[in-house]
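The values are calculated or read from the model by the stated rules, or taken from the named source; none is laboratory data. The structure displayed is predicted, hence computed values, not measured ones. Note: ideal-geometry Cβ built from the backbone for every residue, glycine included; neighbour counts use all protein chains shown. Just so you know, the surface numbers come from the protein's heavy atoms only, side chains and all, with ligands and any DNA or RNA stripped out. Shrake-Rupley method; radii C 1.70, N 1.55, O 1.52, S 1.80 Å.
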Amino acid sequence: MAVATLLAVIRGDATMKPFLFGPMTLLFSVLLFVVLLRSDTGRAMQAADASTTEMRWNALRVSTVAQASSLPRPRTGATVAPSTATALASPDDPFAPVYIVTSRQTWQGIRGVATKVAEQHDSTGAPLLISETRADRLGEISRYVHASERRCGGYFAFPSRAQAEAFVRGDRATQAMTKSMLAGYTLDNQATVNRWLPQVQERRLYDTINHLSSYRNRYFASTHGRTSAEWIRDHWQSLAAGRADVTTELFTACSNCATQPSVILTIRGWELPDEVVVLGAHLDSINAGTYTDPNHHAPGADDDASGIATLTETLRIALADGWQPRRTVKFMGYAAEEVGLRGSNAIAQSFRRSGVNVVSVLQVDMTNYKSGAVTDMKLISDYSNTELKTFFVTLFDTYLAPMGLTRGSTACGYACSDHASWTNAGYPAAMMFEAGDPGGSFPYIHTSYDTLATMGESAQHSVKFAQFALAYLGETAKTRGKVTGGPAQVLQRE
């Protein structure tokens, strides 16, 4: 502004008083012009530095409760239409306000970038803090959770404070964690499960992981994110071999999943079709360092191509065996988990609103990394149904422990994976997690090094998770024509 004013004086603009120049006056004016120019340039550089500093806060993980309306079951290969809910701000808008729900402990570590705090309590009485931040600061929050709390997730996020408050008020975690199944969980389908377990093939698991990690990324807002989801849908559909009781769909009723759909394959239950068993894993991937570029490199071999591979091999074996379940089974590949459990939340909230009777949910998120003297898998101890966790232990000890496999347990923290979406919606869910290393985690998560090469070019560790998933499938959905017990629940309609 100072430079522009001086130029106007020198030119003798009409709005300025005429000015007569002598030699000394002209020299003085030139010197003054140079000084002011350097001053303006310095201020511009400072502004650019400030802008650069602000942009270091990269958005990474946003979780919202979906506003999708319930939909009828589509035909095979159909795409579920998007809901009419108001779409969230563009994922490319770094300055969009975001209201996050965290535990008190997590907020203590991020309070420098999350302000205007209000404390509420979930259905268990645990304190949850609602605070305001910006989309371009979520990356720093996620990096704090990874580095300091040594886990993923850590919060849910919403485009308005009202939605965040409604989310906490509607929490059904207590119901989900303490719900007692009417018939209980029983193990009485050994004939089916024991026939399945030896059929797991490491090479098939490897091939699925290898294919999914060959995409540039499976990021929810990239073209690769959609095409990889469509590949999963097509591949699962091919395993059904035209069976009339099996349907596949792309679930797009998620208002903030960009163009990436979730994938759902349904095997209709023959005797208890209204009781639903879920097996899920997320299908997206992310590179935390460069995610704002839609073409960033995020192979995501372990996180979570290995989970999708585990589900795929489980599905292949059950369908190739000609198995028909008593209860309805839904295999799910969730969209947009890496930006905050968006796909699973959309599905779980839709099921809750429509009163779907989900009796059990298994989450498999990362199944192929083990290094050092650690157990073979870990039961996630928190934000899970108590009876279902006990059932998981019984499943492991009955079917996997005789093979020489070992188990442990670990706390995952608030909102760490897709099972949290089901727990919040009031459904019984639990998760088995990979062993990791003595430090407790996979060192290459959310980087370009999450590849089969960093896991020894092998999918052997996923074999045991596929065997666990088969045991879970056989003992929850059961086998048609065999009168058995098993989980059953009645959801309270609002």
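Observations on the structure shown:
- Checked against the criteria, Leu319 does not count as in a strand (DSSP E or B), modelled with pLDDT of 95 or more and in contact with a helix residue (DSSP H, G or I) (Cβ under 8 Å, 6 or more places away or on another chain).
- A single entry from Val374, Val356 fulfils the requirement of being of a type outside the set (Lys, Arg) and over 27 Å from Glu475 (Cα atoms): Val374.
The rows are residues; the columns are (1) surrounded by fewer than 14 Cβ atoms within 10 Å (Cβ to Cβ); (2) not β-branched (Val, Ile, Thr).
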residue: Arg169; (1), (2): yes, yes
residue: Gln175; (1), (2): no, yes
residue: Thr178; (1), (2): yes, no
residue: Thr186; (1), (2): no, no
residue: Asn189; (1), (2): no, yes
residue: Thr192; (1), (2): no, no
residue: Gln199; (1), (2): no, yes
residue: Glu202; (1), (2): no, yes
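- Wholly within region 176-258, helices (runs of 4 or more DSSP H) carrying at least 3 residues that are under 18 Å from the mean Cα position of the chain (by Cα): 223-240
- Filtered residues of region 387-446 (kept if over 24 Å from the mean Cα position of the chain (by Cα), part of a loop (DSSP other than H, G, I, E, B) and surrounded by fewer than 15 Cβ atoms within 10 Å (Cβ to Cβ)): Gly404, Thr406, Pro438
- Cross-chain or 6+ apart pairs with Cβ under 7 Å, region 324-339 first and on the phi > 0 side of the Ramachandran plot, then modelled with pLDDT of 95 or more: Ala336/Gln260; Ala336/Asp284
- Within region 273-308, the set of residues being touching a strand residue (DSSP E or B) at 6+ places or on another chain (Cβ under 7 Å) and within 29 Å of Arg204 (Cβ to Cβ) comprises Val276, Val277, Val278, Leu279, Gly280, Ala281, His282, Leu283, Asp304, Gly307, Ile308.
- Asp136 being assigned to a loop (DSSP other than H, G, I, E, B) and either charged (D, E, K, R) or crowded, with 22+ Cβ neighbours inside 10 Å (or both): no
- Subset of region 322-344 (residues that are open to solvent by 10 Å² or more (accessible area, probe 1.4 Å), touching a Phe, Trp or Tyr at 6+ places or on another chain (Cβ under 8 Å) and in a loop (DSSP other than H, G, I, E, B)): Gln324, Arg326
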